[in-house]
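Beneath this line is the structure, given in structure tokens, with notes to follow.
The values are calculated or read from the model by the stated rules, or taken from the named source; none is laboratory data. The structure presented is a predicted model; accordingly, all values stated were derived computationally and were not measured. Cβ coordinates were reconstructed from backbone atoms using ideal geometry, including for glycine residues, and neighbour counts include every protein chain displayed.
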Amino acid sequence: MTGWSIADADESDVCALARIIGDWVHETDWMPVLHTPEDDEVFVAALPGTHKVRVARRGADRLGFLARRSGHVQALHVAAGSRGLGIGKALLHEVIEVEPTVELWTFQANLRALTFYRREGFQEAERTDGSGTDEGLPDVRLIWRHKT
């Protein structure tokens, strides 16, 4: 890895990880802003109680994170200045290496994420009209399976 490492999240990561989420929402023109920075912090702080959370770090900087429960990825976010460095791939491959099936949801409008997941071998399993999401945006469920 080029100057960064991945480790379990701890309490000191909460603000930085929440900021990564909030920054992504604010830089994404199709994404409605529904949560305050404090809401994002509450969300991130609760994740380790129910999910395994792994953080990519370079020194004191948090570059990205992945939260999962078994083979279900709840969140994968990489900071804007750290995208394209292989961080998302490294975080995702930690899950792929240990789970026979990995699934996740992303928004249909998130073309960058869709391209990334398809490149990593995920297949589309389901699309929705967004009526079941807080944001009201159409989403897509993607699944990766070990080849037998």
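What are the residues in the range 65-103 that are in contact with a helix residue (DSSP H, G or I) (Cβ under 7 Å, 6 or more places away or on another chain) and hydrophobic (A, V, I, L, M, F, W, C), if any? Within the range 65-103, PHE65, LEU66, ALA67, VAL73, LEU76, VAL78, ALA79, ALA80, VAL102 qualify. Inside the range 30-64, residues that are among the hydroxyl-bearing types (Ser, Thr, Tyr) and touching a helix residue (DSSP H, G or I) at 6+ places or on another chain (Cβ under 9 Å) make up a count of 1. With respect to LEU34, determine if the residue is at pLDDT 95 or above and buried (at least 16 other Cβ atoms within 10 Å of the Cβ). In short, no. Selection within the range 38-56: residues that are of a type outside the set (Asp, Glu) and surrounded by fewer than 18 Cβ atoms within 10 Å (Cβ to Cβ). The member of this set that is farthest from LYS89 (Cα to Cα) is VAL42.
Can you pull out every residue in the range 40-91 that is at pLDDT below 95 and within 18 Å of VAL102 (Cα to Cα)? Of everything in the range 40-91, just one residue is at pLDDT below 95 and within 18 Å of VAL102 (Cα to Cα), namely SER70. A single entry from VAL55, VAL73, VAL44 fulfils the requirement of being under 17 Å from ILE6 (Cβ atoms) and touching a Cys at 6+ places or on another chain (Cβ under 9 Å): VAL44. Restricted to the range 111-148, and to residues that are in a strand (DSSP E or B) and surrounded by 14 or more Cβ atoms within 10 Å (Cβ to Cβ), which residue is farthest from the chain's Cα centre (by Cα)? That would be ARG145.
Can you tell me which condition MET1 does not meet? The list is (1) modelled with pLDDT under 95; (2) closer than 20 Å to VAL140 by Cβ, and all the others hold. Unmet for MET1, out of (1) modelled with pLDDT under 95; (2) closer than 20 Å to VAL140 by Cβ: (2).
Residues that are acidic (Asp, Glu) and exposed (fewer than 12 other Cβ atoms within 10 Å of the Cβ) within the range 91-110 comprise just one, GLU97. Being of a type in the set (S, T, N, Q) and more than 17 Å from HIS72 (Cβ to Cβ) is true of THR115.
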